[in-house]
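Each remark here refers to the structure printed beneath this line.
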Amino acid sequence: MKVRSMRTTLFALLLSTAGALLMPLPSAVAATAVAAQVLPDFADLAEKTGPAVVNIRTTERVKPGQGGLNGEDEEMQEFFRRFFGIPIPRQQQPDRAPRGRKPAPQQEEEVPRGVGSGFIISGDGYVLTNAHVVEGADEVYVTLTDKREFKAKIIGVDKRTDVAVVKIDGNNLPRLTIGDPSKLRVGEWVIAIGSPFGLENTVTAGIISAKARDTGEYLPLIQTDVAVNPGNSGGPLINMRGEVIGINSQIYSRSGGYMGISFAVPIDEAVRVADQLRTTGKVTRGRIGVQIGEVTREVAETLGMPRAQGALVQRVEPGGPAEKAGVEAGDIILKFNGANIEKSTDLPRLVGATKPGTRVGVTVWRKGANREIPLTVTELEPEKVAKQDEKKPKEQAANALGLVVSDLSEAQKRELRLEGGVIVEAAEGPAARVGLRAGDVILRLNNTDITNAKQFNALVSKLEPKKSAVILVRRGDASQFVPIKPNGQ
């Protein structure tokens with residue numbers, strides 16, 4: 001009975017194993033399901049959103065003989081202007097007339113200048129595009145997918161965000177729905193529609209490669225692998241719900257064409273700019289008058305910060321809002337108006353979005369502790385350029401950091417708007433290896449303000465040989481923390 005029982009059990013086990021092998025694997029089924037989900041058909045999406053995408057061509061008025069753009073030149077105009085910052089060179093032709101006859105008065109003629117894309121955001125004809133698409137144009141023409149062409153009026157251009165608004169006369173025009181870029185997920189499908197190289201109504205597809213890519217001064221750009229080429233600029237980046245979530249603006253390229261990476265201006269930021277352009281024709285931004293840099297892990301550890309975060313104040317503009325409020329070079333701004341500053345690029349975006357005249361609270365890290373500083377934001381204006389530092393001859397031996405320093409004169413302190421610090425006369429050894437040089441001004445060693453050369457040399461003599469120190473150095477108008485070891489290791 002025992003033998004029979006064992007045989008029966010073995011037979012049942014074999015049947016069970018064979019059955020399991022014949023059954024489809026759950027992972028294979030799941031993989032098939034996932035593949036079916038991530039390979040969508042874009043035909044309906046393109047058909048739905050395409051009519052609201054427009055082709056934009058620009059022209060300029062030139063005198064006969066100046067030359068213009070045609071054919072291949074016209075297609076590459078945007079590329080040269082956008083990625084090299086220069087227009088395509090024109091061949092200048094001398095004005096000539098038959099002997100004995102005065103040259104006839106020349107009349108300007110309209111010649112092609114560039115091509116780009118855009119999209120309609122309102123039924124009455126407001127169109128969003130890139131600033132570089134229409135910048136410098138004398139005339140702007142907008143062509144719809146149904147071949148209707150309109151002469152457009154430039155409402156406003158904002159170079160900092162590369163956003164522009166133009167207006168055409170029309171009613172009940174097709175328009176795109178505005179999406180929410182904050183809901184984007186890396187890896188989700190998107191499409192771009194535009195006119196690469198002047199080829200209208202071209203659709204390309206890809207995925208979101210990264211969000212909040214810091215390639216713009218005031219904008220965290222959306223990175224994708226959607227094919228974008230010269231002429232696509234200003235066209236929409238569209239999600240699978242048919243909502244525009246960005247304006248295709250830039251590509252990374254060493255050849256002039258698409259190389260796998262493209263960038264788009266987030267639509268929420270673009271709409272904020274567009275609203276101001278439509279209302280006033282310009283964009284007003286806040287400023288606090290500081291020049292900033294990144295906070296490295298080494299600097300954060302040396303200064304006793306819990307982690308590397310915030311924006312290092314390298315320079316405080318004389319007479320600016322920050323200086324009036326008490327912000328100092330070497331401060332690390334951790335919060336602005338209640339919002340955390342995780343990296344230095346967060347600060348200009350928050351400040352720029354703040355209405356001039358607003359009073360805000362700023363949290364800074366200074367000498368091992370947080371400080372709360374209230375200040376009033378003013379309107380952004382061009383920064384002033386300070387004078388270069390004076391230099392003195394070398395008069396003493398280098399200290400353990402390889403630095404020869406001397407006291408600042410009263411005239412230098414007034415010019416630099418400083419109360420203390422020492423000026424570097426010569427740098428060698430460890431100091432030279434970290435990039436210090438004559439003319440630099442040292443303001444702080446670790447968390448101690450420097451008042452004169454004697455005090456600075458005394459502090460240096462007490463540093464541990466193999467332990468990193470950090471000095472706050474001012475060069476020209478900017479200040480920066482520089483890690484250094486007395487033995488140069």
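Electrostatic tally near THR224: other residues with Cβ closer than 14 Å to its Cβ, Lys and Arg +1, Asp and Glu -1, net +1. Among the GluC sites (Glu not before Pro) within segment 158-239, those in coil by DSSP and having at most 14 neighbouring Cβ atoms inside 10 Å are GLU188, GLU217. Averaging 1/r across all pairs of distinct Cα atoms in segment 399-473 and inverting the result yields a Kirkwood radius of 12.4 Å.
Net charge within 14 Å of LEU277 by Cβ-Cβ distance, Lys/Arg positive one each and Asp/Glu negative one each, not counting LEU277 itself?
+3
Per residue, the accessible area of segment 128-228 comes to 45 Å², computed with a 1.4 Å probe over protein heavy atoms only.
THR202 sits with roughly 40 Å² accessible to a 1.4 Å probe, with DNA, RNA and ligands left out of the calculation. In a fully extended conformation the segment linking ASP180 and GLU415 would gain 79.7 nm over its present Cα-Cα distance, using 0.36 nm per residue. Scoring 226-233, 287-294 by mean Cβ neighbours within 10 Å over their residues and listing the highest first yields 226-233, 287-294.
Work out the P(r) tail for segment 395-441: percent of alpha carbon pairs separated by more than 14 Å, whole number. That tail contains 48 percent of the Cα-Cα pairs.
Considering only Cα atoms, the convex hull volume of segment 325-376 works out to 78 Å³ per residue.
Restricting the calculation to Cα atoms, segment 190-348 yields a radius of gyration followed by a Dmax of 19.4, 57 Å. Carbon-plus-sulfur accessible fraction, segment 192-241 (probe radius 1.4 Å, protein heavy atoms only): 52%.
Based on the Cβ-Cβ distance from MET240 to ARG297, what FRET efficiency comes out when R0 is 41 Å, to the nearest 0.05?
So, using R0 = 41 Å, E works out to roughly 0.60.
Say the cut-off is 29 Å between C-alpha atoms; which of LYS159/LYS211; LYS48/LYS211; LYS413/LYS462; LYS151/LYS282; LYS367/LYS467; LYS48/LYS343 go over it? Walk me through the intermediate numbers first.
Working: LYS159/LYS211 22 Å; LYS48/LYS211 26 Å; LYS413/LYS462 27 Å; LYS151/LYS282 21 Å; LYS367/LYS467 19 Å; LYS48/LYS343 39 Å.
From LYS159/LYS211; LYS48/LYS211; LYS413/LYS462; LYS151/LYS282; LYS367/LYS467; LYS48/LYS343, over 29 Å: LYS48/LYS343.
The values are calculated or read from the model by the stated rules, or taken from the named source; none is laboratory data. Note that the structure is a prediction, hence the values are computed from the model and not measured. All Cβ positions, even for glycine, are placed from backbone atoms using ideal geometry, and neighbour counts span all protein chains on display. The area values use the complete protein model at the heavy-atom level, side chains included, leaving out ligands, DNA and RNA. Shrake-Rupley method; radii C 1.70, N 1.55, O 1.52, S 1.80 Å.
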